[in-house]
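Q: First the structure, which I've put down as structure tokens, then a few questions once you've had a look.
The values are calculated or read from the model by the stated rules, or taken from the named source; none is laboratory data. Bear in mind that the values here come from a model prediction, so they are computed numbers and not experimental data. Here the Cβ positions follow ideal geometry from the backbone for every residue, glycine too, while neighbour counts run over all protein chains shown. In case anyone asks, the SASA skips ligands and DNA or RNA and just uses the protein heavy atoms, side chains included. Shrake-Rupley method; radii C 1.70, N 1.55, O 1.52, S 1.80 Å.
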Amino acid sequence: MAKNTDIALRSQVIYSVYVRNHTPEGTFRAVIPDLDRIRALGTDIVWLLPIHPIGEKGKKGSLGCPYANRDYGAVNPEYGSLGDFRALVDAIHAHGMKCIIDVVYNHTSPDAVYVAEHPEFFYRKPNGSFGNKTADWTDVIDLDYSCAALWDAQIRHLCYWAGIVDGFRCDVASLVPAEFWRKAREAVEKVHPGCLWLAESVHRSFVAFNRRQGITVATDNELYTAFDMEYEYDIRETFDKYIAGRQPLSAWMDMLNFQETMYPENYVKLRCMENHDMPRIAALVPEERARRNFTALLYFLKGTVLLYGGQEYSCNRLPSLFDKDVFPRTGKDITPLLQKLNAVRRAHLSAGDWFTAEADDANDIAVCLRDDGKKKKLGVFSLKGRSAEVNVPVSDGDYVNFITGEAVTVQGGRMRCTGEPVIIAE
């Protein structure tokens with residue numbers, strides 16, 4: 001982990017805002033009236049998807065993708081002015097939250113400012129044209145970090161924005177040299193001590209694909225030398241296979257246990273059930289009781305919780321990145337559940353806990369334990385909403401389910417799971 005990473009991040013909540021689709025107006029200032037509600041969810045950090053101007057050349061959809069950045073030094077005029085952006089950041093701070101912004105450093109739009117001013121910053125295909133090293137992303141072209149001047153330019157931009165915001169979510173960070181991120185962090189630290197760094201690390205299959213093409217991809221461990229938090233994409237494919245019925249629950253639980261020993265002891269993973277690139281959890285798990293268990297498990301896992309805008313309204317459709325597509329607020333509002341789970345986590349779970357997980361594969365029940373050496377905290381999550389008796393690694397006795405306040409009895413090392421999530425402490 002980065003030398004100054006604070007494991008208290010494991011107890012925090014990030015709320016992801018796509019400015020274009022967060023409100024009908026789609027502007028920085030239109031987000032401000034919603035900050036009371038966002039804060040009330042338990043949010044500590046607001047993550048804004050890319051705020052910069054979007055390229056026109058090769059754009060996707062009617063408005064283009066925010067990850068096709070045209071100018072690192074400006075804000076998207078569709079969202080408002082730089083003053084409007086500063087007003088939003090000030091309002092986020094006034095609500096007791098931090099603000100991080102998306103930075104897209106692997107690529108730019110084909111008509112980016114850099115193309116005209118610094119064509120030497122870009123990767124060239126064998127025929128000499130701009131393009132991509134890996135996937136065929138038709139609306140972007142890759143940067144070339146073998147160019148030392150690119151490093152200096154990119155770090156200057158980071159230092160500028162670090163004078164306004166509190167940190168960065170770094171898009172496909174694995175495809176940018178880890179050494180660059182380390183150097184960038186050192187420079188930014190002088191401008192904004194304690195600046196937060198979140199890496200979008202990548203799926204294992206994507207690492208394998210790129211390595212077969214001779215493309216260098218930073219591992220999660222390499223990225224941890226520069227970043228405070230990383231995506232859990234290292235195990236996401238196992239989660240996806242479980243959801244699809246192709247692997248048992250125990251396979252996913254085993255991968256969670258693997259993370260406990262694979263990474264530095266103070267590792268921080270970003271825990272999410274959905275994000276702007278992944279299907280909504282309400283689409284993957286349409287049954288409400290089952291989804292309550294997934295949501296409770298999300299808060300019990302060791303790591304920073306991510307809520308993607310609309311998740312609190314049980315939205316089941318992923319909004320378009322490329323068009324105006326405001327998420328609806330008409331679905332089941334699970335704000336009370338999120339608030340309760342956040343309160344339970346802050347009151348009973350320690351950032352320094354060790355985590356272990358087991359699975360009752362026959363009933364799809366996850367049995368998870370967090371232990372700080374003084375107190376054991378047990379979480380039992382029925383991911384299909386089924387009732388069953390399960391073995392639990394706590395002493396016999398009577399307990400209280402912190403989520404519902406209901407009594408829970410453990411006898412003979414077993415407890416009755418009613419199909420609702422349970423969190424107790426020994």
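Q: In whole angstrom, how far apart do the alpha carbon centroids of the stretch 244-287 and the stretch 350-400 sit?
A: The stretch 244-287 and the stretch 350-400 have Cα centres spaced 16 Å from each other.
Q: Taking the radius of gyration and the Kirkwood hydrodynamic radius from Cα positions alone, what is the Rg/Rh ratio for the stretch 337-396, to two decimal places?
A: Using Cα coordinates only, the ratio equals 0.99.
Q: How much length would be gained if the chain were fully extended between residue 325 and residue 132, taking 0.36 nm per residue of separation minus their Cα-Cα distance, in nm to one decimal?
A: Between residue 325 and residue 132, full extension yields 66.7 nm more.
Q: For residue 271, what residues show an amide H to amide H distance below 5 Å, using hydrogens built from the backbone and excluding near sequence neighbours?
A: Residues meeting the criterion, in which the H sits 1.01 Å from N, are 304, 305, 306.
Q: To continue, here is another question. Give me the percent of Cα-Cα pairs in the stretch 1-46 that sit more than 17 Å apart, rounded to a whole number.
A: Summing the P(r) of the stretch 1-46 above 17 Å gives 44 percent of all pairs.
Q: Per the helix-only calculation at 222 nm, which mean residue ellipticity applies to the chain, given -39500 (n - 2.57) for every DSSP H run of n ≥ 4 and division by its residues, nearest 500 deg cm²/dmol?
A: Helix-only estimate at 222 nm: -8500 deg cm²/dmol.
Q: Which of 83, 385, 131 moves the most in a Gaussian network model of the chain with Cα springs under 10 Å?
A: Of 83, 385, 131, the most mobile in the Gaussian network model is 83.
Q: State the volume of the convex hull built on the alpha-carbon positions of the chain, expressed per residue in Å³ and rounded to an integer.
A: 136 Å³
Q: Using only alpha-carbon positions, what ratio does the radius of gyration of the stretch 1-84 give when scaled by 2.2 N^0.38 Å?
A: Relative to the 2.2 N^0.38 Å estimate, the stretch 1-84 comes out at 1.29.
Q: Would you mind giving the average projected area, over all directions, of the Cα convex hull of the stretch 299-404 in nm² with one decimal?
A: 8.8 nm²
Q: Right, another one. I want to verify a result. In a Gaussian network model of the chain, Cα cutoff 10 Å, which of these has the top mean-square fluctuation: 37, 20, 345?
A: Highest fluctuation among the options: 37.
Q: In terms of modelled amide H atoms, which long-range or inter-chain residues lie less than 5 Å from the amide H of residue 133?
A: 142
Q: Let me ask you something else. Run the accessible area of the stretch 1-109 with a 1.4 Å probe and give the carbon-and-sulfur part as a rounded percent.
A: It is 53 percent, rounded to a whole number.
Q: Check each of the trypsin sites (Lys or Arg not before Pro) in the stretch 186-276 and keep only those in coil by DSSP with at most 12 other C-beta atoms within 10 angstrom; list them in order.
A: Here the trypsin sites (Lys or Arg not before Pro) that fit, given the DSSP loop and packing criteria, are 246.
Q: Taking a 24 Å limit on the Cα-Cα distance, which of the listed pairs 302/376; 241/375; 241/384; 59/324; 57/125; 190/302 fall beyond it?
A: 241/375; 190/302
Q: Over the chain, average the accessible area per residue using a 1.4 Å probe and give it in Å², no decimals.
A: Averaged over the residues of the chain, the accessible area is 38 Å².
Q: Sticking with this structure for a sec: If you look at just the Cα atoms of the stretch 92-178, how large are its Rg and its Dmax in Å?
A: 14.8, 52
Q: With charges set only on the Cβ (+1 for Lys and Arg, -1 for Asp and Glu), what does the dipole of the chain come to about its Cα centre, in debye to the nearest 20?
A: Using only the charged Cβ atoms, the result is roughly 340 debye.
Q: Would you mind calculating the gained length between residue 86 and residue 260 on full extension (0.36 nm times residue separation, minus the Cα-Cα distance), in nm to one decimal?
A: Taking 0.36 nm per residue and subtracting the Cα distance, the gain is 58.8 nm.
Q: How compact and how long is the stretch 2-142, expressed as Rg and Dmax of its alpha-carbon atoms in Å?
A: Expressed in Å, the Cα Rg and Dmax of the stretch 2-142 come to 17.3, 54.
Q: Please calculate the 1.4 Å probe accessible area of residue 243, with all protein chains present, and give it to the nearest 10 Å².
A: 50 Å²
Q: Quick one: net charge around residue 92, please, counting Lys, Arg +1 and Asp, Glu -1 for every other residue with C-beta under 12 Å from its C-beta.
A: Charge balance in the 12 Å sphere: -2.
Q: Still on this model: Relative to the present Cα-Cα distance, how much length would full extension add between residue 406 and residue 8 at 0.36 nm per residue of separation?
A: Additional length available on full extension: 140.4 nm.
Q: How large, in percent, is the carbon and sulfur part of the accessible surface of the stretch 282-354 at a probe radius of 1.4 Å?
A: Carbon and sulfur atoms account for 55 percent of the accessible area of the stretch 282-354.
Q: Sorted by accessible area with a 1.4 angstrom probe, largest first, how do 353, 71, 152 fall?
A: 152, 71, 353
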